[in-house]
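A short worksheet on the structure shown next.
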Amino acid sequence: MSRGSGALVLFSGGQDSATCLAWALERFDTVETVGFDYGQRHRVELECRADFRAKVTEIQPEWARRLGPDHLLHLGVLGQVSETALTRDAEIALREDGLPNTFVPGRNLLFLTYAAALAYRRGIRTLVGGMCETDYSGYPDCRDDTLKALQVALTLGMDRRCVIDTPLMWLDKAETWALAERLGGAPLVDLIVEQTHTCYRGERGQRHVWGYGCGECPACSLRAKGWREYAGA
Ligand code: ZN
């Protein structure tokens, strides 16, 4: 099944957005990707993007035909307006309200709004994002209600239908690995393990069965737990 008018995937270079990219390549005739450079500490994530894009097209011949250009937008202003462990050299920890101090207020609202403006220019109707509220850190801008409301706001504000697809919204991390396996078999799972990056600290020295990372930050913990449940199932 494929739908016309194409899709723009918010592709950070992490596990979730890489799975979303494969999901979109399976469904849409043309797929473009967008990434954001906002001075994140885990910049290594951005470096994984090109490698992953190049190699994912080797998995299915159709995907090579469908994958269009990549766009990188510079949002350094995010580091200026927010006080967070993602953009500053601080210990990653839980805040008093239960959110990790990696929380950048409204980050996904900004990302999706910039992506929608880019999609408008490219004649693309659908945005695809890896937001998820099943097995997540509690970020309110990842929740389904937030994204539904933003979809309405973007559609009204640009006077053109804008669809935000979030294929991982109701999947836990183990189910996200299983989705990758359904989409591209073992080659896609292996590619995600090797060529995506999730660790908030940006560490890439140690290779675990689930990929690279410090193994201790909230992002690594979620990824490792999901892998254990997926591989052990
Ligand atoms: Zn980590």
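Brief remarks on what is shown
- Neighbour-count ranking [beta-carbon atoms within 10 angstrom, fewest first] of H208, H74, H197: H74, H208, H197
- Each residue of the stretch 19-34 was assigned a 3J(HN,Hα) from its phi angle through the Karplus expression (A = 6.51, B = -1.76, C = 1.60, θ = phi - 60°), giving 5, 5, 5, 4, 4, 5, 5, 6, 10, 10, 5, 10, 9, 10, 10, 9 Hz with x at Gly and Pro.
- Residues whose amide H lies under 5 Å from that of V128, counting only those 5 or more places away or on a different chain, are L8, V9, L10, D165; hydrogens are built 1.01 Å from N in the peptide plane.
- Couplings 3J(HN,Hα) for the stretch 220-231, derived from phi with the Karplus relation 6.51 cos²θ - 1.76 cosθ + 1.60 (θ = phi - 60°), are 5, 4, 5, 5, 5, 5, x, 5, 4, 5, 5, 6 Hz, where x marks Gly and Pro.
- DSSP bridge orientation in the chain - percent antiparallel, rounded to nearest 5: 15 percent
- Two-site label geometry, A64 and R161: point separation in nm, points 7 Å out along Cα→Cβ: 3.3 nm
- The stretch 151-196: radius of gyration over Cα atoms, expressed as a fraction of 2.2 N^0.38 Å: 1.65
- Förster radius 22 Å - calculated FRET efficiency between R207 and E181, Cβ distance, rounded to 0.05: 0.65
- The value for the chain of Rg(Cα) / (2.2 N^0.38 Å) is 0.96.
- Expected 222 nm ellipticity per residue - DSSP helices of 4 or more, -39500 (n - 2.57), all of the chain, to 500: -14500 deg cm²/dmol
- Counting neighbouring beta carbons within 10 Å and listing from fewest to most, the residues T198, T30 come out as T30, T198.
- Inter-probe distance in nm under a simple model that places probes 7 Å from Cα toward Cβ, at Y120 and A153: 1.4 nm
- When the stretch 134-233 is reduced to its Cα atoms, the Kirkwood hydrodynamic radius in Å: 15.2 Å
- For G68, the residues 5 or more places off, or on other chains, whose built amide H falls under 5 Å of its own are V31, E32.
Here, each number is a calculation from the coordinates, and none is a lab measurement. Fair warning: this is a prediction, and the values are worked out from it, not measured in the lab. Cβ: placed from backbone, ideal geometry, glycine included. Neighbour counts: every protein chain shown.
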